[in-house]
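Undergrad: Input: one structure, supplied below.
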Amino acid sequence: MRTIDFTALEKRFQMAAGLPSLTSVDEFFFKQAVNTRADLVWSRIKWPELQTLVEKTVAATTSPIAADKAVQIDNAVDIQDVFKVYNKNPLTDRSAILIDFQLINGYVVLPANSTQSSIFIMGNLVRPEYGKESGDEQNVPMFLMNYLVAGCLSDFLRGDGQTEAAMQEEQRSEEYLALEMDKAERIESQNKITFNTYPSYSFGVNILQTT
């Protein structure tokens, strides 16, 4: 995934805002605005750059729900939203198939008659806390750069009482985001209906044709 350093992102915001320097208050505001806006769009679509595949162990649970086959994900550090669940790794095993599941109270719950001891969950990464302090994630996804700069500038102008200018920047940020969403949907074919078809080969079976 292409990224931009948080400090470089902050510099872009500073230039867009026309500020010769940022005070500690400005820096605090910018960090909060970046994380708030990133949180708003993180799960808006299936961003290709944020998708991941993780293996999880299936186990019985009694609280907060009772289930024989479940995986807790609400506090997981490696996956946030669940898109699909496979019985095997679909990237390495051709026999991998999608399996039924339900999302209940922070758990991926399989049918009680499932024999799975582990599952492979395809979803998106957990959003980190962006910033330049110790413990913060300093690498921000590049595809969010223009949206975050314009969006944070809109928040800054709104806080400064410049409502009309803030609305213009808000519109600009949405246009940037729409462009990135369109790109992601074209890459992932999310705006098309796809069909699984039988392979073209016949495995030695003779296919009779009539005229």
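The values are calculated or read from the model by the stated rules, or taken from the named source; none is laboratory data. Model, not experiment: these values are computed from the prediction. Using ideal geometry, Cβ is built from the backbone for each residue, glycine included, and neighbour counts are taken over all protein chains shown. SASA here: full protein model, heavy atoms, side chains in, ligands and nucleic acids out. Shrake-Rupley method; radii C 1.70, N 1.55, O 1.52, S 1.80 Å.
Undergrad: Enter the mean projected area of the convex hull around the alpha-carbon atoms of the stretch 65-166, in nm², rounded to one decimal.
TA: For the stretch 65-166, the mean projected area of the Cα convex hull comes to 10.6 nm².
Undergrad: Given the stretch 54-117, what whole percent of its Cα pairs are spread farther than 18 Å?
TA: 34
Undergrad: Please work out how much length the chain gains when fully extended from THR163 to THR23, using 0.36 nm per residue of separation minus the C-alpha to C-alpha distance, in nm with one decimal.
TA: 48.2 nm is the gain from fully extending THR163 to THR23.
Undergrad: With N set to the residue count of the stretch 1-54, report its C-alpha Rg divided by 2.2 N^0.38 Å to two decimal places.
TA: 1.39
Undergrad: Which three lengths, in whole Å and largest first, does the stretch 7-126 cover when its Cα atoms are put on their principal axes?
TA: 64, 35, 18
Undergrad: For ILE104 and THR7 in the same chain, what is the full-extension length gain: residue separation times 0.36 nm, less their Cα-Cα distance, in nm?
TA: Extra length from ILE104 to THR7 when fully extended: 31.0 nm.
Undergrad: Follow-up. Would you look at the GNM of the chain, springs on alpha carbons closer than 10 Å, and say which of ASN75, ASN124, ASN35 moves the most?
TA: Its mean-square fluctuation being the largest, the pick is ASN75.
Undergrad: Going by amide H atoms built from the backbone, whose H comes under 5 Å of the H on ILE4, apart from near neighbours?
TA: When sequence neighbours closer than 5 places are left aside, the close amide H contacts are VAL140, MET142.
Undergrad: From the mean inverse distance of alpha carbon pairs (Kirkwood) and the Cα radius of gyration, derive Rg over Rh for the chain.
TA: 1.11
Undergrad: Right, next: How much length is gained if the chain between ASN75 and GLU49 is pulled fully straight, taking 0.36 nm per residue apart and subtracting their Cα-Cα distance, in nm to one decimal?
TA: Net length gain for the segment: 7.2 nm.
Undergrad: Let me ask you something else. Of all the accessible heavy-atom surface of the chain, with the other protein chains kept in place and a 1.4 Å probe, what percent is carbon and sulfur?
TA: Carbon plus sulfur share of accessible area: 50 percent.
Undergrad: Please give the helix 6-17 orientation as an angle from the longest Cα principal axis of the chain, in degrees from 0 to 90, rounded to the nearest 10.
TA: Between the helix axis and the principal axis of the chain, the angle is about 50 degrees.
Undergrad: Right, another one. How do ILE4, ILE104, ILE97 stack up against each other in accessible area, from largest to smallest, with a 1.4 angstrom probe?
TA: Heavy-atom accessible area, descending, gives ILE97, ILE104, ILE4.
Undergrad: Can you compute the modelled spin-label distance between LEU91 and ALA16, with each label point 7 Å from Cα toward Cβ, in nm?
TA: Once both label points are built, they end up 3.1 nm from each other.
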